[in-house]
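Encoded as structure tokens, the structure appears first; notes follow it.
The values are calculated or read from the model by the stated rules, or taken from the named source; none is laboratory data. Everything numeric here is computed off the predicted structure, so don't read it as measured data. We place every Cβ from the backbone using ideal geometry, glycine too, and count neighbours over all the protein chains shown.
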Amino acid sequence: MKLTVIGCGYLGATHAACMAELGHEVLGMDTDRDKILALGAGKAPFFERGLDDLLAKHTADGRLRFTASYAEVASFADLHFLGVGTPQRAGSDAYDLNDLFIAVRSLAPHLHRPAVVVGKSTVPVGTAPRLAAILREEAPAGEQTEVAWNPEFLRESYAVEDTLHPDRLVLGFTSEHTHAERVLRQCFGKIIEAGAPVITTSLATAELVKGSANAFLATKISFINAIAEVCEAAGADVHQLAEALGHDSRIGARGLRAGLGFGGGCLPKDLRGFMARAGELGTDQALGLLREVDAINLRRRERMVDLAREQLDGTVKGKRIAVWGAAFKPGTDDIRDSPALAVATHLHRLGADITVHDPKALDNARKAHPELDYADTAFDAAERADLLLHLTEWPEFTDISPVGLASHVSRTKVVDGRGALDPDRWRQAGWNFRSLGCC
Ligand code: UDX
């Protein structure tokens, strides 16, 4: 099949490359020409495991091309995926849908043939019918345009894997047995044949599935972090507790890692966007729980700052603190709403002398926070440090020998914000070891 993907960030670029991998002819579109040039040369402008290989493979075999032209998009295919970013609106909890609406308004005048436009971006419920109305009114093909919704559940650093082997496909349509359903079932044929469950829904349900999934995941993480607060007060160990809970198949172990909490470009803003839309719909009372989920999550960052202060005899002013981690989680160079950087910048504002190392996210962190110091290795960051904070659980950090590290620091004090370092190993090497969620 021929298809296009409009918006080539983490979501769109991955979707475009994976659709080429499924055998389709794909044209990716983005208004950022630097991004288009990089992608066209087979290189993602961000780090995502396995993506560069797919981009290189399919830009070379001609199945995947990129453009900045809406006219070219419309003439290339009659199936268009929307992967445009929908960030949190400045000064509000709601989504900023500007770029998404601009994209659809820019595409519409070029649609002279019947077309299926499929939203993948995460949006507040009720967005798809508004986009459909724009296409009906502004596209020459008018009533022969159809909007469908196919939310994306990919995790960064597993984006390729999650796109090619999804847990499920959710397909939202205006009515049953539409032309769009036939087209999408054909497009995802290989994935469906491989056994992925398909759930067909209304547009509204499909839009809501994504927000609810992220709200649930966020709730699970904040649940274990609330229990971590109790564990700290009671002298218990939240990591052992989580392991014990996770064996219960009704609960499950995934998403129960206690620590510094969630960040990134999705979970925090989807949680807030979900609440904002519920408020507009007059159902916000049902979501009081989610407000607490957000508050618990942000409290973990404050707790880490307090623990650092405690470890440094009541003040961090003038103290050297090494921060391991800048990415919001391991396996990515994404620093959007990174808990690690939130802690690092807070400590810097309190007068600490911060040096950060991250295996992939240093360039992004340097650009966003030039006020911090950066080191090219984990050892360099720890040089003469009064305190080491482990804030993003890269294997590069968990593998480091605390014995060798001890001679580099001023004081052998470490706080593990991710429950990923082995306490016994660090204590045996002479370190004063603290972990969020443990006494
Ligand atoms: C998430 C959803 O998983 C994905 O389905 C959705 O499409 C986009 O948002 P992502 O942001 O890539 O994906 O990361 P995820 O692996 O879910 O982790 C989110 C955050 O939660 C990270 O900051 C991570 O460190 C944190 N986390 C995750 C925990 O603190 N504990 C856990 O047990 C799991």
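Would region 89-105 turn up any residue that is in contact with a Phe, Trp or Tyr (Cβ under 6 Å, 6 or more places away or on another chain) and either in a loop (DSSP other than H, G, I, E, B) or not β-branched (Val, Ile, Thr) (or both)? No - not one qualifying residue is present in region 89-105. When residues in region 159-187 are screened for being touching a residue at least 60 places away in the same chain (Cβ under 8 Å) and either away from the ligand (no atom under 16 Å from the Cβ) or small (Gly, Ala, Ser) (or both), 7 of them pass.
In a residue-by-residue description of region 328-344, the property of being among the hydrophobic types (A, V, I, L, M, F, W, C), surrounded by fewer than 24 Cβ atoms within 10 Å (Cβ to Cβ) and more than 29 Å from residue 205 (Cα to Cα) applies to at least one position. Residues in region 185-223 that are among the β-branched types (Val, Ile, Thr) and in contact with a Lys or Arg (Cβ under 7 Å, 6 or more places away or on another chain) were compared, and the one that is nearest to residue 417 (Cα to Cα) is 199. When residue 192 is tested against (1) in the same structural domain as residue 148 (by TED's automatic domain parsing); (2) more than 30 Å from residue 165 (Cα to Cα), exactly one condition is not met: (2). Here region 198-216 is the region considered, the condition is being within 16 Å of the ligand (Cβ to nearest atom) and more than 13 Å from residue 274 (Cα to Cα), and the residue that is surrounded by the fewest Cβ atoms within 10 Å (Cβ to Cβ) is 199. Taken over region 125-158, the residue count meeting the criterion of being away from the ligand (no atom under 16 Å from the Cβ), over 21 Å from residue 113 (Cβ atoms) and without any contact (Cβ under 8 Å) to a residue 60 or more places away in the chain is 1. Being under 28 Å from residue 269 (Cβ atoms), surrounded by fewer than 14 Cβ atoms within 10 Å (Cβ to Cβ) and within 19 Å of the chain's Cα centre (by Cα) is a property that does not hold for residue 155. For region 257-281, the tally of residues that are near the ligand (Cβ under 6 Å from one of its atoms) and at negative phi stands at 5. If I filter region 406-427 down to residues being closer than 20 Å to residue 304 by Cβ and of a type in the set (A, V, I, L, M, F, W, C), which single residue comes out as surrounded by the fewest Cβ atoms within 10 Å (Cβ to Cβ)? Residue satisfying both the conditions and the ranking: 420. Residue 250 fails exactly one of the following numbered conditions: (1) away from the ligand (no atom under 14 Å from the Cβ); (2) of a type in the set (D, E, K, R); (3) within 24 Å of residue 120 (Cα to Cα). What is the number of that condition? Answer for residue 250: the failing condition is (3).
Residue selection: residue 290 satisfies the criterion of being away from the ligand (no atom under 13 Å from the Cβ), touching a helix residue (DSSP H, G or I) at 6+ places or on another chain (Cβ under 7 Å) and at pLDDT below 95. Would you call residue 322 part of a helix (DSSP H, G or I) and more than 29 Å from residue 92 (Cβ to Cβ)? Answer is no for this residue.
Residues considered: 170, 147. Of these, the only one that is in the same structural domain as residue 86 (by TED's automatic domain parsing), under 19 Å from residue 212 (Cα atoms) and crowded, with 21+ Cβ neighbours inside 10 Å is 170. Considering 146, 48, which residue is within 27 Å of residue 22 (Cα to Cα) and modelled with pLDDT under 95? Going through 146, 48 in turn, the sole match is 48.
Once region 1-52 is narrowed to residues that are under 20 Å from the mean Cα position of the chain (by Cα) and at positive phi, the residue that is surrounded by the fewest Cβ atoms within 10 Å (Cβ to Cβ) is 50.
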